[in-house]
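The values are calculated or read from the model by the stated rules, or taken from the named source; none is laboratory data. Values in this document were obtained by computation on a predicted structure and should not be read as measured data. Glycine also receives a Cβ, built like all others from the backbone with ideal geometry; neighbour counts cover every protein chain displayed.
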């Protein structure tokens, strides 16, 4: 039996940086509308505005000094600890606002989530120890005390530190501008965009600094360093003329979506397909920034998404010529460099857009295993029982709610309409704005865990390719199954909810070969006390069966670091990544019960089911397990079982 060991770090530095950048941008993106509102009021009513009005101009100062930082602080706190975290985060943010004389966006991004985290940890200390009737009293006073204390800390400590940092950063930007060095920032910005750090760079760093600059000067060049659509547009135009195969055919449509729709992510696969085209993006970016420096042009507020429409809507009154030339020259230079790269290319294999898209998604995080999932990342607490209610409301969620989610929603909407389900609503949203009103929530696999707390009753589906995911077809099948009586068979729900094989293939595996779940692989009293030790214990049973090698157990841990396999109903189903298929010799399932429960990423787990599947052989057992764990009475039977035979019988499997 596996012994408990100290878990080794399994997550790369790149993943940590991505998650940090995602968190930063997640505080800004939901509030972009407020930034734009401030930008419009500033442009219209300040003395140098389109319609100068001293009375209405009074809105400008309080909005940027109080409203915007408080919104950021609340959003950051809410991301960490719900509404309670948002409230204490906003109160604490007031401390850094009062303690300085500059807009405190960075201070809000620090103090909001930090205060919420402290509140969350303190609540856990006295959780379950408060006498009945005193809960509200303790909750309110503890929140008030923590918020007040952190407001003082913000005013006396965090505010002065952030002000010093902001002054230093502003001095650096001023130095770069004065010495003509600002264009060289494209050397870092353009590669960062392709690594999906675009929102982190733009809204986590440039937006706070740019807003302060815009307050002082009426505009800022910083808003257009990352958001200029020219570099990506030029690359896509080059592919339209000199690309090959699918890349050439798809580039014109992608160019329109990128330039007019503002979805910059759409050109990233093209750069990954031909890595040398990153020099086109850098060259175009440097040219655009140089043009802005020479003309003194800038934007009043962030341009989000990075559409030419949003750019012009945010352009300062005296900057339309400079901004236009910046976009035009950036497009031209990017087009010329990318054209040379494409015409000189001799490797047709690199023209596979689909492979490039998968590489792009791999940059966003480790890919998930579809065939090895019980009910997939895609199933919420309701499991397969969701099919009892017709699916009518689907949301595609991402960080911003206006980039990859808009693309995915558009693709899926067309597929569902083509299937004849015109009454099924498909929308897109930022994760921060999700509510528990959806039937299905679709996210990138790295974001699913962030979406689940706000949408606990929904089916959750993870995708690893927002432009052409095979999961979209499976979601259409799920919609069809839930909206027709014929879709309520035992096999169809498992296939649709699992995102595994088509119904026909699953029906073929319904009876499944003997030996996948055997008595030797069922343990009624597990020894592990931690998540990682439980994964080792479940993996060891698979090893003992000769079903996998040790590399598969490592992949089970790797998968857990990427996306939690907690399924609800006290169940977790650890399994390997998609890349670990070569470590599987035969299909097998192990079942371990932990009567006292173990902590699984903050959730209580009493049953751990280890899974290793070849083709569709294991689907019959997984379907049975799924049905058992959506039935409270059968879960209770499992908890009370005294023999292995009782467990096997519940899963519909004869002991072998």
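Data overview
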quantity	calculated
Only listed residue being modelled with pLDDT of 65 or more, touching a strand residue (DSSP E or B) at 6+ places or on another chain (Cβ under 6 Å) and part of a helix (DSSP H, G or I), chosen from 555, 579, 534	534
Any chance residue 463 is on the phi < 0 side of the Ramachandran plot, surrounded by 21 or more Cβ atoms within 10 Å (Cβ to Cβ) and modelled with pLDDT of 75 or more	yes
Test for residue 383: is it more than 24 Å from residue 266 (Cα to Cα), over 20 Å from the mean Cα position of the chain (by Cα) and at pLDDT 80 or above	no
Complete set of residues in the range 78-88 that are free of Cβ contacts under 8 Å to residues at least 40 places away in the same chain and either in contact with a strand residue (DSSP E or B) (Cβ under 7 Å, 6 or more places away or on another chain) or surrounded by 24 or more Cβ atoms within 10 Å (Cβ to Cβ) (or both)	85
The listed residue being modelled with pLDDT of 80 or more, within 21 Å of residue 310 (Cβ to Cβ) and crowded, with 19+ Cβ neighbours inside 10 Å, out of 72, 32	72
All positions within the range 288-310 that are surrounded by fewer than 24 Cβ atoms within 10 Å (Cβ to Cβ) and in contact with a strand residue (DSSP E or B) (Cβ under 9 Å, 6 or more places away or on another chain)	297
